[in-house]
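Read through the structure below, which is laid out as structure tokens, and then see the notes.
Just so it is clear, none of the values below were taken in a lab; they were calculated from the coordinates. Computed from a predicted model, the values in this text were never measured in an experiment. Don't worry about glycine lacking a Cβ; one is built from the backbone with ideal geometry, like all the others, and counts go over all protein chains shown.
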Amino acid sequence: MKVAIIGQGYVGLTISAFASKHHQVIGFDNSLENVERLNKGISHIEGVASEDIAEAISKGRYFATNIPSEISDADVVVIAVPTPLTMDRKPDLTYIESACKTIGSSLLKQALIINESTSFPGTLREYIKPLVEKYSTNKLDHLYAISPERVDPGRTDWNQKNTPRLFAGLTQEASDRTREFYSTFCDNLVEVSSPEVAEAAKLFENTFRQVNIALVNEFAEISHALGISVHETLEAANTKPYGFMKFNPSAGVGGHCIPVDPSYLAHVAATKGVPATFIERANEVNLEMPKYIVERVKSENQGSLKGKKVQVIGVSYKPNVADVRETPAELVIEALEVEGASVSWHDPIVKSWRGQDSSPLGGSNIAIVVTLHSSMDQQAVLTSAPYVFDTTGKIVGAKGL
């Protein structure tokens, strides 16, 4: 099959890498720079799919483009574009709309259109299908399905092949065609009764994590007030062999899913007249965590950070991944700057961010560890400043949650 994948980010590129082992894949991306790099076999995302893409190019099974007409004869079109939040933390579907415009105005034959981008229930039926039809110049009767992505950047144990894949079509024919496509490179396909079920399941997966992270973050504050170790308490609770799932406190949540998906679920709940108060409170707790951390650091440093040199260590949203989307490090830095601190940051994986380059480790009065990569020397981090606050709970001898 000829497969067009709209968007060549973390999700789209990994799908391209797996699908190109069995199909002719066209990777569509609006960025000419990304397209040029990909066509040289170089991934623009560190550690993602370079070897697989280079191999697919050498065998004539992959090429990247930013020219819409190149996808005109695709049999399958996969939408894999970002679905971020607006400044007021509402769903932003502008990337999906752009993808629909590209698809509708470019396809010259009937195709199976699959959405992998995460969005609220009803997006495929009530938004994507009408938009593709709106922009279509030849009124083709396309097939539509959803198979929400489950990519976890940096993981090697679970990938596109062995992670169970949910899917559903607007028609049974669309579902059957979707199964046919994904079965060529996915081991476990799970068909559900409607696209809305698949869309809701994806949102709830990450809302579950968001809520539990918020719970343990709030518990970290309670533990500190009680004068006990949150980490020892969690280890004690984790000795129960049933009915408990351990989460660890942190500076908050980051990435393209956990900070975003619950807001999509809360949005659609509000449109149905159901207040998602539990979800909204979990969002608030995690967004407030950076301020709590800075207040803790401030209280343990004579009650003032004004004029003090503070280095934030690790600014990506998770260990060993150079991804800064929704990173809590940004909120930590903002809170430090409000307190009058002179802030720098160090990250051996993220070379440049917010218009600045990573600074050498050390040279500060205070260090706050937000993300601890495996390449970081923990002893070097511990001795990088007279006072070190570790939000990860992994550096022995540091202050922390």
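From most to least packed by mean Cβ count within 10 Å, the peptides 90-99, 319-328 give 319-328, 90-99.
Modelled label positions at K399 and E97, each set 7 Å beyond Cα in the direction of Cβ, lie 4.7 nm from each other. Measuring between alpha carbons in the structure, the pairs from K2/K351; K246/K351; K202/K246; K246/K272 lying more than 29 angstrom apart are K2/K351; K246/K351; K246/K272. Each peptide in 261-267, 12-18, 273-279, 390-396 receives the mean, over its residues, of other Cβ atoms within 10 Å, and ordering these scores from highest gives 12-18, 261-267, 390-396, 273-279. Applying 1/(1 + (r/R0)^6) with r as the Cβ-Cβ distance of K291 and T233 and R0 = 30 angstrom yields a FRET efficiency of 0.85. With semi-axes √(5λ) of the Cα gyration tensor in Å in mind, check (i) 33, 27, 18; (ii) 35, 25, 21; (iii) 41, 24, 19 and report the label derived from this structure. Comparing each candidate, only (iii) matches the computed number. Straight-line cross-link reach from K298 at under 22 Å between alpha-carbon atoms covers these lysines, not counting any fewer than eight positions away in the same chain: K306, K308, K309, K394, K399. Close amide H contacts of A367 (hydrogens built in the peptide plane, cut-off under 5 Å, sequence separation of 5 or more or a different chain): Q311, Y387, V388, F389.
Remark: the T171-R125 segment gains 15.5 nm on full extension, using 0.36 nm per residue and subtracting the alpha carbon distance. Taking label positions 7 Å along the Cα-Cβ direction at both S105 and S359, the computed distance is 4.6 nm, reported to one decimal. If a paramagnetic tag sat 7 Å from the Cα of L140 along the Cα-Cβ line, which residues of segment 37-70 would have the backbone N under 18 Å from that point? Once the point is set 7 Å along Cα→Cβ of L140, 65-70 turn out to lie under 18 Å by backbone N, inside segment 37-70. Using R0 = 25 Å, the C-beta based FRET efficiency linking F204 and S299 works out to 0.10.
Only the Cβ atoms of Lys and Arg (+1) and of Asp and Glu (-1) were treated as charged; on that basis the dipole of segment 1-87 about its Cα centre amounts to roughly 140 debye.
Extension gain for T383-N248 works out to 46.2 nm (0.36 nm per residue, less the C-alpha to C-alpha distance).
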